[in-house]
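The values are calculated or read from the model by the stated rules, or taken from the named source; none is laboratory data. In this text the structure is predicted, and so the values were computed from the model without any measurement. Please note: Cβ atoms are built from the backbone with ideal geometry, for glycine as well, and neighbour counts cover all protein chains shown. Accessible surface is based on the protein model in full, side chains and every heavy atom, while ligands, DNA and RNA are left aside. Shrake-Rupley method; radii C 1.70, N 1.55, O 1.52, S 1.80 Å.
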Amino acid sequence: HLPEGHWAVLSALLVTRAHTGTTLGAGAYRVLGTLLGALIGMLGVGAQSLLPWPPMAVQLVLLAVVAFLSAQSLALASAPVTALIVGSVTLTGAASPLGVTGLRVAAIAVGVVSGLGVTVLLSRLRAAAALRREAVALLGQLAQALEGPTSDARLAALEALRPRLLELGQLAWAADRE
């Protein structure tokens, strides 16, 4: 049970894409940004005890740095939120910074894995549906081309279906891989 389970749901919604590859990319960015934000947040927690500044000032400086970094790369988009969550724990005293960091990273990872699972499931369903549609259409045309006596027109019609049969085979292979 994750106490902040909504982060997992939000992560799944943010990373789920139409294709597995793009979901993997978005998930990797989300995890990378979260890990960087966790690291910077923990640095902020440590800096609060070392610097003579008020804790809020330390957090604001680190948040400005991580916001600047995230503006440079989409891969780091989740870093500021994580840094803020982890760094602000000491301001409230409600929980351990390390515990919050672990829960945040775990929730993001669960969301990314869930999003990837949804994408894989949906891509399999789409591939199977496309295969069925193409197979029905092509088999109907093949049946029409085979009707009647043998003629040059019928042989030409069958030859015209050859590339479509090859495409159907490729689609079946792709559906099997999904």
Using the beta-carbon distance between Val61 and Leu24 and R0 = 30 Å, what value does 1/(1 + (r/R0)^6) give for FRET efficiency, to the nearest 0.05?
0.30
Answer rounded, prolate or oblate for the range 67-128, using the Cα gyration tensor with square roots of eigenvalues a ≥ b ≥ c: rounded when a/c is under 1.5, else prolate when a/b is larger than b/c, else oblate.
oblate
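Which whole-number value in Å² is the accessible area per residue of the range 1-56, probe 1.4 Å? Please list the in-between numbers first.
Details: 3340 Å² over 56 residues.
Accessible surface, normalised per residue, equals 60 Å².
Check every DSSP H run in the chain and write down those whose alpha carbon atoms cover 24 angstrom or more along the long axis and whose mean Kyte-Doolittle hydropathy is 1.6 or greater. Don't skip to the answer; put the middle values down first.
Working: long enough: 20-50 (44 Å, 1.05); 55-72 (26 Å, 1.92); 97-146 (73 Å, 1.19); 152-177 (38 Å, 0.03).
Passing helices, by number: 55-72.
Given the peptides 148-158, 54-64, arrange them by the average over their residues of other C-beta atoms within 10 Å, most packed first.
Details: 148-158: 10.4, 54-64: 16.5.
Final packing ranking: 54-64, 148-158.
At 0.36 nm per residue, and after removing the present C-alpha to C-alpha distance, how many nm does the segment from Gln170 to Val136 gain when stretched out fully?
Numbers: separation 34, 0.36 × 34 = 12.24 nm, distance 1.54 nm.
Gain on extension, Gln170 to Val136, equals 10.7 nm.
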Protection proxy (average C-beta count within 10 Å per residue), highest first, orders 72-80, 120-128 as 72-80, 120-128
Listed residues Ser78, Leu166, Thr20: farthest to the positive end of the dipole of the chain (Cβ charges):
Ser78
Between Val118 and Ser96, what is the FRET efficiency for a Förster distance of 45 Å, r being their Cβ-Cβ separation, to the nearest 0.05?
0.90
Just how large is the dipole of the range 57-178 about the Cα centre, in debye to the nearest 20, putting +1 at every Lys and Arg Cβ and -1 at every Asp and Glu Cβ?
260
Taking the dipole of the range 47-178 about the Cα centre (Lys, Arg +1; Asp, Glu -1; charges at Cβ), the one of Gln144, Val120, Ala95 that reaches farthest to the positive side is Ala95
Using only the heavy atoms of the protein chains and a 1.4 Å probe, how would Ile40, Ile85 rank by accessible area, largest first?
Ile85, Ile40
